[in-house]
Structures are given as C-alpha cells and as structure tokens.
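The values are calculated or read from the model by the stated rules, or taken from the named source; none is laboratory data. Here the structure is a predicted model, which means the values were calculated and not measured. Backbone-built Cβ (ideal geometry, glycine too); neighbour counts: all protein chains shown.
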Amino acid sequence: MWNYHKRRMGPLEPSTMQFSMANNTVVSSRGTWREIVEMGGCRVKQSFEVFNTKGAFYVLLGQPWLDAVCAVQDFDNDTLTLAIKDGTT
C-alpha cells in the first residue's frame with residue numbers, strides 16, 4: 001500500500017522499530033509517517049510505522065490512534081465505533 005500512496009503522502013522519517021509477527025518473524029519498519037489523519041469526522045495528528053505486511057492487511061491502527069479517537073471495539077459484532085465531534089457515532 002505504501003508504494004502506491006507514497007508520492008502523495010510524503011517522505012518517511014527514519015525508524016529503528018521492529019515488529020514481531022504472529023509467526024515469530026521480525027519485520028523492520030521502513031520508516032515513520034507523521035500527519036493529521038481524518039476518519040469519520042475525527043482529525044488527529046498521529047505517527048504510523050510503515051512496514052511490509054506481505055498483503056496480510058492494508059493498515060494497522062495502533063493503540064495511540066484508537067485512544068486519540070475514543071474508538072470502541074466490539075469483538076462480538078466485529079465493529080469499531082468512533083466518537084464524532086457532533087455526538088454521533
């Protein structure tokens with residue numbers, strides 16, 4: 001996904017982060033992307049680590065972002081609800 005969008009999203013900052021995958025492999029970050037992200041009416045300045053998922057998923061929203069947008073995850077219904085500024089969800 002990053003290779004497709006990198007021209008319009010701008011450069012990555014260097015990063016030394018590494019991630020342990022479910023299959024016990026370790027994947028290094030390609031870099032950190034910092035920007036204001038808007039989703040569902042929530043605008044939050046965040047940083048995201050970019051790494052190769054080999055197609056497993058497009059984006060992984062980490063706990064800092066989920067906290068910043070007051071997200072509530074319902075595992076039974078497989079949904080993620082965001083608290084919108086006007087009080088809607």
*Pairs where the first residue, in region 1-28, is touching a residue at least 40 places away in the same chain (Cβ under 8 Å) and assigned to a helix (DSSP H, G or I) and the second is surrounded by 12 or more Cβ atoms within 10 Å (Cβ to Cβ) and of a type in the set (Lys, Arg), C-beta under 8 Å, 6+ apart*: 2/30
*Mind listing just one residue for me: the one in region 37-89 that is outside any loop (DSSP other than H, G, I, E, B) and at pLDDT below 80 and, of those, surrounded by the fewest Cβ atoms within 10 Å (Cβ to Cβ)?*
39
*Filter region 18-28 down to the residues that are at pLDDT below 95 and not small (Gly, Ala, Ser), then identify the one that is surrounded by the most Cβ atoms within 10 Å (Cβ to Cβ).*
27
